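Data block below; observations after.
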Amino acid sequence: MNTWLVSALVFLFTLVPCGIAVFRGTALERLVGLEMAGMVEVMLLILLAESFHRPSTYDLALAMALLTFGVGLVFARFLERWL
Amino acid sequence: MSAGNIAIPVLLGISAITTVVSCVALVLMHDVFNRMHFLAPVTVIAMPALLAAVTIQEGWGQATLKTILVFFVLLAVNAVLTHATARAARVRMLGQWQPNPKEDIPGTPVAAGGGKRPNTQ
């Protein structure tokens, strides 16, 4: 197990507090938890790509970063007025 | 042991510790505005540390360039999402985004009686 994999494991466990945040509080407090989880997942994918030597997984991290943007913006917009 | 072999675990440790502290602090806060503060360290401290570690490991190549791209995307995403979430929270609380003339916003000068702000120019 190399340093990158250990670091990826730590990042994986940081998703637990994010999950707790998503299940507690008001709708917008939960949204912040979701945004944090998205950012952690992007970094987790980079760490996994580096630890397993799979350069194609970097594209997955980039796609995840862009999807996090879309998800957060859509939720924020709908929570602003309609939900 | 080369400098790179020492620098990579240190940078990954900085990245991991920053993320753990931010995520735990996010759970401990009970207000949307307080929670949003802890999105920033992940983007501003943890991600550059990870980028530096990837750069040391891979050199200037495809992996580093993609990680730089991810870093800049996350930087933009964090700024825009924080603003959008704060705006949504304010609209849900007050029903509008624009400031109320009688609203006392900390750190900004308000005229006595809650009227217009004094002209500082």
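Throughout, read-outs are computed from the coordinates displayed, never taken from laboratory work. On a predicted model such as this, the values are computed, not experimentally measured, just so you know. FYI the Cβ positions are ideal-geometry reconstructions off the backbone, even for glycines, and counts take in every protein chain you see.
I'm checking my understanding of the structure. Among residues of segment A:70-83 that are surrounded by fewer than 21 Cβ atoms within 10 Å (Cβ to Cβ) and touching a residue at least 24 places away in the same chain (Cβ under 8 Å), which one is nearest to the other protein chains (Cβ to nearest Cβ)?
So, considering only residues that are surrounded by fewer than 21 Cβ atoms within 10 Å (Cβ to Cβ) and touching a residue at least 24 places away in the same chain (Cβ under 8 Å), the one nearest to the other protein chains (Cβ to nearest Cβ) is A:Leu79.
Filter segment B:45-78 for residues that are of a type in the set (A, V, I, L, M), under 20 Å from A:Leu73 (Cβ atoms) and out of contact with any Phe, Trp or Tyr (no Cβ under 6 Å at 6 or more places or on another chain) and give the result.
The answer is B:Leu69, B:Val70, B:Val73, B:Leu74, B:Leu75, B:Ala76.
Among the listed residues B:Leu69, B:Leu81, B:Leu75, which satisfies the condition of being surrounded by fewer than 21 Cβ atoms within 10 Å (Cβ to Cβ), facing chain A (nearest Cβ under 9 Å) and under 18 Å from A:Glu41 (Cα atoms)?
B:Leu69
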